[in-house]
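What follows is one structure encoded as C-alpha cells, with my remarks underneath.
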Amino acid sequence: MLDVHRLRVFRSVVASGSVQAAAAALGYTPSAVSQHVAALQRETGLTLLERAGRGVRPTASGLALAAQADGVLARLGEAEAVVADLRAGRTGSLSVAYFASVGAAWLPQVVRRLTADFPGVRIDLELRETIPDDPDARADVQLVVAPRGFDPGGGFRSHHLLDDPYVVVLRDDHPLASRGEVELAELRDERWVDNDFARGWCRRTLVEACTAAGFSPPFHVEAHDYPTAIAFVGAGVGLTVLPALGAAHLPPGLVAVPVVRPAPVRSIHAVLRDAVVGTPPARAVLDTLHEVARARVDLVGSRST
C-alpha cells in the first residue's frame with residue numbers, strides 16, 4: 001500500500017520543481033520533504049526524481065506516478081469532504097418510524113426542522129405501530145408507546161417524551177359531554193367503539209384500566225384507527241376512549257373529556273440508534289420531539305386551568 005501522505009509530498013515537489021519550494025508550501029523543512037520522497041522511492045522501488053540544475057524534475061516513472069497521484073488525491077479529498085459533511089449532518093439519510101397518532105401531530109415539525117437545517121439529508125419515513133424485535137430492522141429513530149423505563153436494547157436507547165392521558169370522545173349532546181372529567185366506571189354500560197388493534201401498549205393500557213374499574217370494554221364496533229372511530233362517534237354509533245393526542249383535532253359536534261379513577265396513561269418514547277444519536281440530524285430530531293411534547297403538555301395544562 002502506498003502512503004498517501006508521501007504521495008501528497010511527492011506531488012508538491014513535482015508541482016513546485018524543488019524540494020525547498022515544496023517544503024515552504026507544506027510548512028515542512030527541506031530535510032523532512034527529502035525523507036518523505038526517499039521513503040516513497042523505497043516503497044515503490046522506483047527512481048522518481050532526478051537533479052535538474054538547482055532543483056529536481058520527475059523521471060518518466062515519477063511523471064506517471066504524479067499523474068496517478070492527482071486522481072488519488074482528488075478522490076481522497078472528495079472522501080474527506082463527504083466525511084466532514086456526514087459529521088456535520090449535511091448528507092446521508094435518517095430513517096424515522098412513527099405510529100399514527102403522532103404522524104400528523106408531530107412529524108410535520110420534525111421534517112420541517114430537518115429540511116431547513118440539513119437539506120442534504122434524505123428522510124425515510126415509515127408508519128409502524130410496534131418496534132421490531134430484530135435490531136437490524138429498526139429505524140434510526142422510532143416513536144413508540146412503551147412503559148416508563150423501557151429499555152429497547154440492541155444498540156438503541158429510549159428517551160421519554162410524554163405521558164399521554166386518555167379521554168372519552170362523545171357527541172356534544174351526550175349527558176356526560178359537559179363534565180370536566182368522567183370516571184371510567186361510568187362508561188360501563190355505554191356502547192364503545194374500538195379504535196386500535198388488539199395488540200400493543202395503547203390497547204393494553206386501556207383494557208388494564210377497565211379491568212381495574214371492574215369491567216371489560218364493551219366494544220360494539222371495532223375500528224382500527226382513531227379517525228374512523230371518531231367518525232363513528234360523530235355518527236351516533238357510540239363513544240370511544242383514546243389517548244388525548246389522538247383527539248387533538250375533533251370535528252364539530254364532538255368533545256373530549258378526561259377519564260379518571262383510574263386514569264389510563266400511555267408513555268411515548270423516542271428510540272434512537274446509538275450509532276446516530278450523536279449526529280446533528282438525530283440530535284435535531286430529538287430536540288424537536290421534546291419541544292413538541294412540551295408544547296402538548298403546556299397546551300393541556302392551559303386548558304385545565
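The values are calculated or read from the model by the stated rules, or taken from the named source; none is laboratory data. As the structure is a prediction and not an experimental result, all values here were calculated from the model. Neighbour counts run over all protein chains shown; Cβ positions are idealised from the backbone, glycine included. For accessibility, only protein heavy atoms count, side chains too; no ligands or nucleic acids. Shrake-Rupley method; radii C 1.70, N 1.55, O 1.52, S 1.80 Å.
So that you can scan it fast, the table gives a plain yes or no per residue for (1) over 25 Å from the mean Cα position of the chain (by Cα); (2) within 24 Å of Ala185 (Cα to Cα); (3) touching a residue at least 24 places away in the same chain (Cβ under 8 Å):
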residue	(1), (2), (3)
Tyr226	no, yes, yes
Arg261	yes, yes, yes
Val265	no, yes, yes
Ile268	no, no, yes
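Pairs only if they're at least six apart or on different chains, beta carbon under 8 angstrom, first in the stretch 97-123 and assigned to a loop (DSSP other than H, G, I, E, B), second among the hydrophobic types (A, V, I, L, M, F, W, C) and buried (at least 18 other Cβ atoms within 10 Å of the Cβ); list them, first residue then second.
Short answer, once both residue conditions are applied: Phe99/Leu143; Phe99/Val144; Phe99/Val145; Phe118/Ala284; Val121/Leu94; Val121/Leu114.
Condition (residue is surrounded by fewer than 18 Cβ atoms within 10 Å (Cβ to Cβ), under 15 Å from Leu239 (Cβ atoms) and touching a His at 6+ places or on another chain (Cβ under 8 Å)) applied to the stretch 174-193: is it met by at least one residue?
Yes, the conditions are met somewhere in the stretch 174-193.
Val37: closer than 20 Å to Ala284 by Cβ, touching a residue at least 24 places away in the same chain (Cβ under 8 Å) and touching a helix residue (DSSP H, G or I) at 6+ places or on another chain (Cβ under 6 Å), yes or no?
Answer is no for this residue.
Just the residues that are among the small types (Gly, Ala, Ser) and either at pLDDT 90 or above or assigned by the TED database to the domain that holds Arg204 (or both), please, taken from the stretch 115-141.
Passing the criteria: Ala116, Ala139.
If the requirement is being small (Gly, Ala, Ser) and at pLDDT 90 or above, which of these qualifies: Ala21, Ala81, Ala74?
Ala21
So which of Val144, Val167 ends up being of a type outside the set (Asp, Glu) and not assigned by the TED database to the domain that holds Val96?
Going through Val144, Val167 in turn, the sole match is Val167.
Being under 20 Å from Arg148 (Cα atoms), open to solvent by less than 10 Å² (accessible area, probe 1.4 Å) and not in a strand (DSSP E or B) is the filter here, so list the residues in the stretch 246-291 that pass it.
Pro264, Leu289
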